[in-house]
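Data first, discussion second: the structure below is written as C-alpha cells.
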4 protein chains.
Amino acid sequence: MNMLFISGSLRKESFNYKLLQMAVNHLGCGKENIVNSSEMNLPMYSGDIESAGMPEAVQTLANKIKAADALIIASPEYNYGISGVLKNFIDWVSRVRPMPLSAKPILLMAASASNIAGIRGLWHTRVPLEGLGNFIYPKMFSVGDCFNAFEGDKFKQETLNDQFKATLEEFVAYVKKCS
Amino acid sequence: MNMLFISGSLRKESFNYKLLQMAVNHLGCGKENIVNSSEMNLPMYSGDIESAGMPEAVQTLANKIKAADALIIASPEYNYGISGVLKNFIDWVSRVRPMPLSAKPILLMAASASNIAGIRGLWHTRVPLEGLGNFIYPKMFSVGDCFNAFEGDKFKQETLNDQFKATLEEFVAYVKKCS
Amino acid sequence: MNMLFISGSLRKESFNYKLLQMAVNHLGCGKENIVNSSEMNLPMYSGDIESAGMPEAVQTLANKIKAADALIIASPEYNYGISGVLKNFIDWVSRVRPMPLSAKPILLMAASASNIAGIRGLWHTRVPLEGLGNFIYPKMFSVGDCFNAFEGDKFKQETLNDQFKATLEEFVAYVKKCS
Amino acid sequence: MNMLFISGSLRKESFNYKLLQMAVNHLGCGKENIVNSSEMNLPMYSGDIESAGMPEAVQTLANKIKAADALIIASPEYNYGISGVLKNFIDWVSRVRPMPLSAKPILLMAASASNIAGIRGLWHTRVPLEGLGNFIYPKMFSVGDCFNAFEGDKFKQETLNDQFKATLEEFVAYVKKCS
C-alpha cells in the first residue's frame with residue numbers, strides 16, 4: 001500500500017511531524033513517504049501565479065497524491081480552525097488538472113499543546129477534503145498536552161500507544177476493503 | 001474612523017479587491033487603507049521562522065490592525081472554506097504580542113463565481129476571527145456570478161448596489177455605537 | 001441490501017420525503033423502508049425522560065437502524081444548520097445501548113426552496129453523524145427551488161434526474177464494497 | 001435591563017440550568033427571567049402544525065424574546081453539535097412574524113461532563129443565531145467536568161468564579177453600550 005504522510009505544520013520539530021514518523025514506523029512504511037517541510041513550503045495561492053503556470057512544487061505534490069492509495073494527515077489546530085499551511089496546500093492542489101485529491105481515503109491526526117487536542121481544527125479540516133470528494137475516516141486521532149505526552153518514539157501513556165496503533169490498523173483495514 | 005480593508009485573494013484583478021475599492025469609494029476612505037496584494041504575500045506560517053524573529057511584513061500588518069477602528073475583509077471561498085491566504089494571515093497575526101486582532105468590529109464580504117456566492121467560505125472565516133475575540137457583524141455581503149455582476153465601479157443590478165451601500169452604512173453605524 | 005430512509009422534515013408533503021420516495025422507487029426498495037413522519041415525531045430529548053426509561057418510539061427506531069446496512073437521509077436546512085427534528089432524533093438514538101448509529105454508510109440529500117439548495121444544512125448534519133463514527137458519503141445530492149423542480153415522480157430537468165440516479169447508484173456500489 | 005435566560009437542556013437538574021441560576025443571582029435578575037423546562041418543551045417543528053396555527057407555547061416564547069434586551073443561553077453539547085432541543089426552539093421562533101430573534105445581543109455558556117467543556121457545541125450554536133442576525137458575544141463561558149465542578153451555588157475553583165462573573169459583567173457592559 002502506498003501511503004502518503006502530510007503535516008500541516010512546517011516546524012521541523014513539530015509534534016505533528018513526530019506523529020507521522022511514529023505512524024510510518026508502526027506501518028513499516030519508508031520515511032520517503034512523508035512529505036517534508038520544504039516540499040510543503042509553497043507560495044501563497046494566487047490566481048496570477050497559477051495563470052503564469054502551475055508551480056513545479058505543486059505539481060510534484062499532486063503527482064505524489066495521485067500515486068498514493070491513501071493519505072495520513074497530521075495537523076495542528078491554529079486559531080480554532082485548519083492550519084493556513086494545510087489549507088493553502090489544499091487550495092493549490094485543487095487547481096491541478098486532473099485533480100488528484102479526490103476519492104482518497106484519509107486519516108486525520110492532531111497534536112496540540114492544549115487538552116482540547118486539536119479536534120476543533122480537524123473538524124474544519126474535514127470540510128474542504130470532503131467537499132473535494134475524499135473519504136475522511138470518521139475516527140480521528142488526537143493527543144493533547146503534547147509537550148509532555150511523548151517519551152522517545154512513543155507516548156508516555158500506554159493506553160494512548162494502544163489507541164494510536166489500533167486507529168492506524170483500523171484505517172489500513174478500511175483502505176484495503178474500500179479501495 | 002480608521003477603517004482597514006483586507007482581501008483574502010492575492011490576485012491583482014480579484015473581484016474581492018474590487019469590492020474593497022467600491023467600499024472605500026462609498027465610505028470616502030483613501031486607497032491607502034486597503035492592504036495591497038504584496039503586503040499580504042506573507043511566508044507560510046512556521047514556528048521556526050517565528051522563533052528566528054517575527055517577519056517585518058507581519059509586524060507591519062499587525063501595526064495597521066492595531067491602529068484600525070474596524071476592518072472590512074473581502075474574501076473568496078476556496079474549497080468550501082476559508083481562503084488559505086487569509087487563514088495564513090490570521091495565523092501569523094495571532095502570534096504577535098500584544099495581539100492586535102481582538103475586539104475589532106469586522107464586516108465580511110465575498111465575491112464568487114458560483115451562485116452560492118462564497119457564503120460557505122465566510123462562515124468558516126468567522127470562526128478564527130470570533131475565537132480571537134472580534135465582533136463579526138452578523139450580516140455579511142456576498143455577490144455571486146461575479147464574472148457578470150459588475151459594470152465599471154458598480155453592480156449591474158441596482159438592488160445589489162442598494163444592498164451593498166446599506167450594509168456598509170449599517171456597519172459603520174454599528175462601529176460608531178459600539179467602539 | 002436493507003436500506004433505511006429517514007426524513008429531517010415532519011411535514012407530510014415535504015419535498016425531502018418526496019426525494020426519499022423517488023430514491024425508494026429507483027432502488028426498488030419498499031415504502032416500508034421509509035421511516036414515516038409519526039415514527040419520527042419523538043418527544044424532545046430530556047435526560048429525565050431517559051432516566052425513567054428509553055421511550056419505545058426511540059427503541060423502535062434504534063432497532064431499525066441496527067438492522068439497516070446503510071441509511072439515506074433527506075433533510076431540509078433550517079436556519080443555516082441541521083433540522084432540529086433530525087438533531088433531536090440523533091440525540092435520542094445516540095443514548096441507546098448498544099448504540100446502533102455507528103459505522104453505517106450514510107448518503108445525505110436535501111431539498112430546499114432557495115437556490116443554495118440546503119447544502120449548508122447538510123454540512124452541519126455531517127458533524128454529529130461522523131462524530132458518532134458513521135461513514136458519510138462525500139458526495140451529497142441537493143435540489144434547490146424545490147417548489148418548481150418536480151414534475152410528478154421526477155425532476156423537470158433531465159440532468160438532475162441523471163445526477164440523482166448516478167448518486168444513488170454510486171452510493172449503493174460503495175456500500176456493497178465497504179460493508 | 002430585561003435579560004432572558006434560556007437552557008438548551010430540558011433536564012430539571014441540568015448543570016446548564018444551574019449556570020443560568022448562578023447568572024441570575026450574580027446579575028440581580030429574578031428567577032422568572034429564566035424560561036423554564038416545561039415552557040421549552042415544544043412539539044417538534046412541523047410545517048403542518050405551523051399551517052394549522054402557530055402553537056401558543058411558541059408565541060409566548062417569541063413575546064418574551066421580543067421584550068428582552070439581551071439573552072443568555074446555556075446549553076449542553078450533544079453529539080459534537082447544538083442540542084436538538086435548542087435547535088428546535090430556534091426553528092420554531094424563526095417562523096414567528098415579526099421574527100423576534102434578530103439583532104439581540106446573546107451570551108453563550110455551556111456545562112459539560114467532558115473536559116472539552118461543550119465548546120464544540122457552542123460553535124455550532126452560533127451559526128443559526130448569527131444567521132438570523134443576532135450579535136453573539138465573541139467570548140463564551142464553559143465549564144467542564146461538571147459533575148465535580150460545583151459546590152453549592154458556586155464553582156469549587158475560585159478562578160472559575162472570577163471568570164464567570166467577569167464574563168457576565170463584560171457582556172452586560174457590551175449590551176448597555178451597543179443596544
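When D:112, D:75 are arranged by Cβ crowding within 10 Å, least crowded first, meaning fewest neighbours, the order is D:112, D:75. Taking the C-alpha atoms only, the angle from helix B:15-27 to the longest principal axis of chain B is near 80 degrees. For region C:1-127, the fraction of alpha-carbon pairs lying more than 17 Å apart is 56 percent, rounded to a whole number. By the rule of a second cysteine Cβ within less than 4.7 angstrom, chain C holds isolated cysteines at C:29, C:146. Helix D:119-131 and the longest principal axis of the C-alpha atoms of chain D enclose an angle of approximately 40°. For peptide D:127-134, the mean count of partner chain Cβ atoms within 10 Å of a residue's Cβ comes to 6.
For region D:59-171, the fraction of alpha-carbon pairs lying more than 25 Å apart is 25 percent, rounded to a whole number.
The alpha carbon centroids of region B:120-166 and region D:132-179 are separated by 32 Å.
Only alpha carbons enter this Debye calculation for the protein assembly as shown, each as an equal point scatterer, and the log10 of I(q)/I(0) it gives at q = 0.06, 0.08, 0.10 Å⁻¹ is -0.34, -0.63, -1.05.
About its Cα centre, the dipole of region D:1-98 is roughly 160 debye, where the only charges are +1 on Lys and Arg Cβ and -1 on Asp and Glu Cβ.
The charge dipole of the protein assembly as shown, taken about the Cα centre with unit charges on the Cβ atoms of Lys, Arg (+1) and Asp, Glu (-1), comes to about 0 debye, rounded to the nearest 20.
Across region B:22-42, the residues whose backbone nitrogen lies under 13 Å from the label position 7 Å along the beta-carbon direction of residue B:161 are B:26. For the pair residue D:39/residue C:21, report the inter-label distance in nm, with labels modelled 7 Å from Cα in the Cβ direction. According to this spin-label approximation, the distance is 4.0 nm. Lysine pair count for region B:1-117 (Cα-Cα distance under 20 Å; residues 8 or more apart in sequence or on different chains): 10.
Taking every DSSP bridge with both residues inside chain C, close to 15 percent are antiparallel.
Of all beta bridges that DSSP places with both ends in the protein assembly as shown, some 15 percent have antiparallel geometry. One equal scatterer on each Cα of region D:124-179, no solvent, Debye formula: the resulting log10 I(q)/I(0) at q = 0.27 Å⁻¹ is -1.06.
3J(HN,Hα) couplings calculated from phi for region D:89-102 with the Karplus curve 6.51 cos²θ - 1.76 cosθ + 1.60 (θ = phi - 60°) are, in sequence order, 4, 5, 4, 5, 4, 5, 9, 6, 10, x, 7, x, 8, 8 Hz; Gly and Pro show x.
Dividing the summed -39500 (n - 2.57) terms of all DSSP H runs of n ≥ 4 by the residue count of chain B sets its mean residue ellipticity at 222 nm at -13500 deg cm²/dmol.
The base-10 log of I(q)/I(0) for region C:10-77, evaluated at q = 0.14, 0.15, 0.21 Å⁻¹, reads -0.51, -0.58, -1.00 [Debye formula, identical scatterers on Cα atoms, solvent excluded].
Measuring between their Cα centroids, region C:61-85 and region A:3-39 lie 37 Å from each other. Relative to the dominant Cα principal axis of chain D, helix D:56-67 is inclined by about 60°. For region C:108-179, applying the loop criterion from DSSP together with a ceiling of 12 other beta carbons within 10 Å to the trypsin sites (Lys or Arg not before Pro) yields C:156. Quick one: net charge of residue A:134's neighbours, Cβ under 10 Å, K/R +1, D/E -1? Within the 10 Å Cβ shell, the charges total +1.
Read the figures in this text as sums done on the coordinates, not as results from a lab. Because the structure is a prediction, the values reported are computed rather than measured. Positions of Cβ are backbone-derived with ideal geometry, glycine not excepted, and every protein chain shown enters the neighbour counts.
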